[in-house]
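Below is one structure, written out as structure tokens, with a few remarks after it.
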Amino acid sequence: MFRNVLYAQSGGVTSVINASASALILAARKQRAHIDHVYAGRNGIIGALDEDLIDTSLESDEAITLLAQTPGGAFGSCRHKLKSPEDNEAEYKRLIEVFKAHEIGYFFYNGGGDSMDTANKVSQYAASLGLNVKSIGVPKTIDNDLPMTDCCPGFGSAAKYIAVSTSEVALDVASMCATSTKLFVLEVMGRHAGWLAAAAGLAGKAPDDAPQIILFPEVAFDKARFLARVEKSIADNGYCVVVVSEGVRDAEGRFVSERGTRDSFGHAQLGGAGPAIAELVQGALGVKYHWAVADYMQRSARHLASATDVAQAKALGEAAVELAVQGETGMMPVIERRSDDPYQWRTGKAPLADVANVEKTMPKNFIRGDGFGITDAARAYLRPLIAGEDYPAYHQGLPQWALLKNISVARKLAPRAP
Ligand code: F6P
């Protein structure tokens, strides 16, 4: 069996995807009986197809350790969905060609639902050729929408950023509302699942606390009901904080924020629900507003990472190596929750076939009856995921990020056909 690893990052990055990468590389370095080099795809699977590989063996242990506190995707990510081998066998053939040329026996794909599907197909395709490649998915997504795992690395830290920012901004607008701003709208990510929007609910305890309104993708947007609730909140509290998911849709299923463009996974390009909602309120009630889009800040805010999230991202990177050297393929390490309070978890595993292409949305019992807030069950689930701080080391007032050399592996093949 080949003894090299190919690791690739995929999809939207998170503030802790590099923590998984770091733990995975360090764990692989200890597996001398099974593993020689860890290569990384430059810009994800595109790097694998283009034979553009990075030799992580040329990075020191210190640099790889510092990677764990560095946001972004250190080797580059991409949005490129491999079709099934029946629809585009050329890409799979090329991947196998690269695997053979660089003696790749282990493939780790660190991504969300689409990437788990790819990892599964790679596992099956390699097996169909009789090639011994262990293909393991490593979960990550701030959207928290992968099934079979209690939560997804990246979510807890983005959720913490959103909960903390909502509680801070609420104090600001409460100070200003007597004579100035009465509405603040925060737009958060999550295209089909309201997990990130729900996290804002941790900022308040009583129903009147900010955020007074959360708009979930799971609840059809009803303009009249929404405006009545904003008006009531301003009358009762002097102000209203609204947290809106980028994925919020009306009863006909139209995104409030759709721009009409699509990414290469075929997903609608979202963004703009925040300003759209703020302008809607302004038009109807004539109040002064501010809005913000948390956008990439929510998924890169490593300075405010959740210690739970960092620990889980690392544990899953290590568990992935463990599964692979035990001979598993077509699997994904997962987080299993053992109890809410005290919070206890451990890693487990799930077949990629059960994870691929399934989106886990918020269960009904996590959304308050009026559709504008979260329940105690949601709080019990969410609270431990944002718990604890894992500050990066600072130098001259700024966090210290890993600066990898990212040296390329010498190419052995002809360029792939265009
Ligand atoms: O990967 C998840 C995610 O962060 C979504 O919440 C968001 O809609 C999307 O990625 C944005 O993707 P991109 O960075 O490709 O625009």
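Here, each number is a calculation from the coordinates, and none is a lab measurement. Only a predicted model underlies this, so the values are computations on that prediction, with no experimental measurement involved. Here the Cβ positions follow ideal geometry from the backbone for every residue, glycine too, while neighbour counts run over all protein chains shown.
Using a 10 Å cut-off around each Cβ, can you sort 229, 338, 249 from fewest to most neighbouring Cβ atoms?
338, 229, 249
Can you tell which of 51, 59, 322 shows the greatest fluctuation in a Gaussian network model of the chain with Cα springs below 10 Å?
Among 51, 59, 322, the largest mean-square fluctuation in the Gaussian network model of the chain belongs to 59.
What is the Å³ per residue value for the convex hull set by the Cα atoms of the stretch 155-301?
Here the figure is 103 Å³ per residue.
What are the residues whose amide H is under 5 Å from the amide H of residue 214, where those residues sit 5 or more places off or on another chain and H is modelled from the backbone?
243, 373
For the chain, what does -39500 (n - 2.57) per DSSP helix run (n ≥ 4), summed and divided by total residues, give at 222 nm, in deg cm²/dmol to the nearest 500?
Calculated mean residue ellipticity at 222 nm is -10500 deg cm²/dmol.
If a paramagnetic tag sat 7 Å from the Cα of residue 176 along the Cα-Cβ line, which residues of the stretch 271-289 would have the backbone N under 20 Å from that point?
272-289
Please report the net charge: other residues with Cβ closer than 13 Å to the Cβ of residue 212, K and R +1, D and E -1.
For residues surrounding residue 212, the net value is 0.
In degrees between 0 and 90, to the nearest 10, how far off the longest principal axis of the chain does helix 223-237 point, with axes built from Cα atoms?
In the chain, helix 223-237 runs at an angle near 60 degrees to the longest axis.
Starting from the amide H of residue 7, placed 1.01 Å from N in the peptide plane, find each other amide H under 5 Å away whose residue is 5 or more places distant or on another chain.
Sorted by chain and number, the residues that satisfy this are 39, 40, 41, 108.
Rule-of-thumb check for the stretch 77-226: C-alpha Rg over 2.2 N^0.38 Å?
Normalised by 2.2 N^0.38 Å, the Cα Rg of the stretch 77-226 equals 1.49.
Can you work out D for the chain in µm² s⁻¹ from Stokes-Einstein, where Rh is the Kirkwood radius over C-alpha pairs, the temperature is 25 °C and the viscosity is 0.890 mPa s?
111
Can you put 176, 1 in order, fewest other beta carbons within 10 Å first?
Going from sparsest to densest Cβ surroundings: 1, 176.
Sort 83, 314, 134 so the one with the fewest other Cβ atoms within 10 Å of its own Cβ comes first.
Going from sparsest to densest Cβ surroundings: 83, 314, 134.
So what J values fall out for the stretch 309-318 if you push phi through Karplus, 6.51 cos²θ - 1.76 cosθ + 1.60 with θ = phi - 60°, rounded to Hz, Gly and Pro as x?
5, 4, 4, 6, 4, 5, 4, 6, x, 5
Given the Cα-Cα distance of residue 251 and residue 61 and 0.36 nm per residue of separation, how much length would full extension add, in nm?
63.1 nm
Could you order peptides 280-286, 18-24, 297-303 by the average number of other Cβ atoms within 10 Å of their residues, highest first?
Those peptides, ordered most packed to least, come out 18-24, 297-303, 280-286.
How far is it, in nm, from the label point at residue 396 to the one at residue 127 when both lie 7 Å from their Cα along the line to the Cβ?
5.3
For the stretch 9-18, what does the Karplus curve 6.51 cos²θ - 1.76 cosθ + 1.60, with θ = phi - 60°, yield as ³J(HN,Hα) per residue in whole Hz, taken in order and with x for Gly and Pro?
Working through the residues one at a time gives 9, 9, x, x, 7, 9, 6, 10, 5, 6 Hz.
Relative to the first principal axis of the alpha-carbon coordinates of the chain, what is the inclination of helix 155-176, with its axis defined by its Cα atoms, in degrees from 0 to 90 and to the nearest 10?
Between the helix axis and the principal axis of the chain, the angle is about 20 degrees.
Apply the Karplus curve 6.51 cos²θ - 1.76 cosθ + 1.60, θ = phi - 60°, to the phi angles in the stretch 282-295 and return the couplings in whole Hz, x for Gly and Pro.
So the Karplus estimates, Gly and Pro as x, are 4, x, 8, 10, x, 8, 6, 9, 10, 9, 9, 10, 5, 6 Hz.
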